[in-house]
Amino acid sequence: MRVPEPSLLGAAPGLLTAPAPPEIITPPQYSIAWVILAVLCVLVIIALIVATLKITRAIEKRIAYRRRPDDVEALKAEFLRAVNDIADRHEAGQLESREGHHELTGVMRRFVRRTTGHDVTSQDLATLLADPRTRAVGELIEDLYEPDFAMSSDRDLRASVRRGREVIRTWS
């Protein structure tokens with residue numbers, strides 16, 4: 001036996017005649033996963049900013065460290081100041097030429113001692129001239145001997161100071 005199929009035309013009027021009563025539908029709730037994802041995104045952004053700052057500061061420190069004067073350059077600057085002080089005191093009339101030459105000899109000997117580690121404060125001139133590293137200082141001290149020990153000299157302290165500065169600047 002066969003069951004009759006309902007007709008589509010006959011079923012439709014019954015379905016359309018009873019509309020659903022009006023009701024307020026609440027919006028679906030967001031999952032907690034979205035909040036966690038948002039927090040993680042914020043944390044990642046903060047971590048990237050902090051990492052970028054640390055890396056750039058490290059690079060800046062490295063560049064600044066490379067640009068700083070090394071020990072020899074700092075010593076050169078210290079002894080150039082000492083030589084300039086001799087020149088300034090001589091210009092101000094506080095230091096005679098002979099005393100200035102004597103102080104300049106002492107400054108140059110201390111410069112060699114501090115830069116090479118060899119105590120040349122009491123070495124003779126031949127020893128200074130024999131070492132290739134201290135030859136320039138030896139030649140300067142050799143030129144300073146006459147105005148250093150003579151009762152009077154026509155050697156100008158300004159020229160001696162200029163040569164002392166040259167020796168210090170070209171020191172390696």
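What's the local net charge at Thr115, with K and R +1, D and E -1, over the other residues with C-beta under 10 Å away? Walk me through the intermediate numbers first.
Details: positive: Lys76, Arg110, Arg113, Arg114, Arg133; negative: Asp71.
Neighbourhood net charge equals +4.
Express in nm, to one decimal, how much length is gained between Ala126 and Cys41 on full extension, taking 0.36 nm for each residue of separation and deducting their alpha carbon distance. Mind dumping the intermediate values first?
On the way: separation 85, 0.36 × 85 = 30.60 nm, distance 7.54 nm.
Contour length minus Cα-Cα distance gives 23.1 nm.
Among 72-82, 52-62, 110-120, how do they line up by average Cβ neighbours within 10 Å per residue, starting with the highest? Show your work: numbers first, answer last.
On the way: 72-82: 14.4, 52-62: 10.0, 110-120: 16.1.
Ranking, from highest mean packing down: 110-120, 72-82, 52-62.
Estimate the FRET efficiency between Glu91 and Asp143 by the formula 1/(1 + (r/R0)^6), using the beta-carbon distance for r and 22 Å for R0, to the nearest 0.05.
Working: r = 21 Å, r/R0 = 0.94.
That pair, Glu91 with Asp143, gives E of 0.60.
Within 10 Å, count the other beta carbons around each residue, average over each peptide in 96-107, 22-33, and list them highest first. Write out the running numbers ahead of the final one.
Working: 96-107: 18.7, 22-33: 6.2.
Packing proxy ranking, top to bottom: 96-107, 22-33.
So if we plug the beta-carbon distance of Glu73 and Ala51 into 1/(1 + (r/R0)^6) with R0 = 41 Å, what FRET efficiency do we get, rounded to 0.05? Write out the running numbers ahead of the final one.
On the way: r = 34 Å, r/R0 = 0.84.
So, using R0 = 41 Å, E works out to roughly 0.75.
No value in this document is a laboratory result; all are computed from the given coordinates. Quantities reported herein were computed from a predicted structural model and do not represent experimental measurements. Heads up, the Cβs are rebuilt from the backbone with ideal geometry, glycines too, and the neighbour counts pull from every protein chain shown.
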